[in-house]
Amino acid sequence: MTVPISTPDHNAETEIEDPQLSTSEDAESDAKIMRFGPDGDTGYLPVEFVHMTLPYRKPDQPFWVRTNGSARLSITAGEFIDHEGKAQRFVPYGKHARAALLYLMTEVKRSGSRDIVIGSSFRSFAKAAGIPASGVNARDVVNQLRALLRATVAFSNVERGEGQLKITEGQYVVADTAQLWIDVRKEHLDDDGLLTSTVRISESLFSSIMSDRTRPIDLTKYAQLAKGKSPMAMDIFIWLSSRFYTLERSPRLETRITWEQLHNQFGSDSSIGKFKQNFARALELVLEVEVGGRVEIVSEGTQRKGFKGVILRRSPGAITSNRNGELPPIDPRADGS
């Protein structure tokens, strides 16, 4: 059935996750993500989706909360009617939602326009977003896209200094309007709809994307990780890319993130002990591609006293692990926080 969708206008104002192995089909599809349009080697995401990401699994509640230090992100699900006429309300999750998010944000950044054309058939949209176009996943892809467009994102951040607090907070809906003409029947995946499918990103989100609050993503390197089976490795790569991007532009030589902070960002649904193991395994995969700096894991078994977690240190050039997985040593005299 062809699904025409109109998402009502909203008023809005502007300013992590458990490891789960994917199927080989999903891993293969992720390797194709973001090869659309000109400048095909760079994608873009707003910082809030870099440091606090969508869930892998469907949350039990129609909202999702992540924290990263003093920053907090919450996503509230909006309601939509599915192809069977049933009301649906859930937070977008999984690979299909991530692919759609990265696609939309990148297209907005590249085009400089709120209005995004996403194709006139399911297959054309799926190809652009790097999603396998099959009858099996067609309805899930469309539902994840619609859940994403209906979602409301709220964020807050508190900065302390000189006895004062700087509090930044705001919220936005992802899209103001959408007109989707997509046939999800297996035998009609290539059929053009009555009209071209379009999405109008909300003004608040558009302003955020066009500001310096986005982070570039090397899609060639991202695709290398996407060929594997660890979505967590893909998340860590995006996160490290952003952290090193910021670190290279600051006077600091290194930055430290505790296990507790990382657990809140990437894996709060698992025990912290299990999370450390999963994070270390995923990090090994990430370090097989250039990440632009040095990474050191400090655990209970190391000699360093006090701090336990991950240390990121900027480097004049991209430094990665060697074939044995060994990392260059970090100068203990370097200051960091």
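Computed quantities for the displayed model
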read-out	value
Residues with amide H under 5 Å from that of residue 119, placed H, sequence gap 5 or more	197
Highest-first arrangement of 198-209, 239-250, 163-174, where packing means the average Cβ count within 10 Å	198-209, 239-250, 163-174
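Every number in this text was worked out from the coordinates using simple rules, so none of it is lab data. Note that the coordinates shown come from a computational prediction; the quantities given were computed from them, not determined experimentally. When we count neighbours, we look across all protein chains shown, and the Cβ atoms used for this are built from the backbone with ideal geometry, even at glycine.
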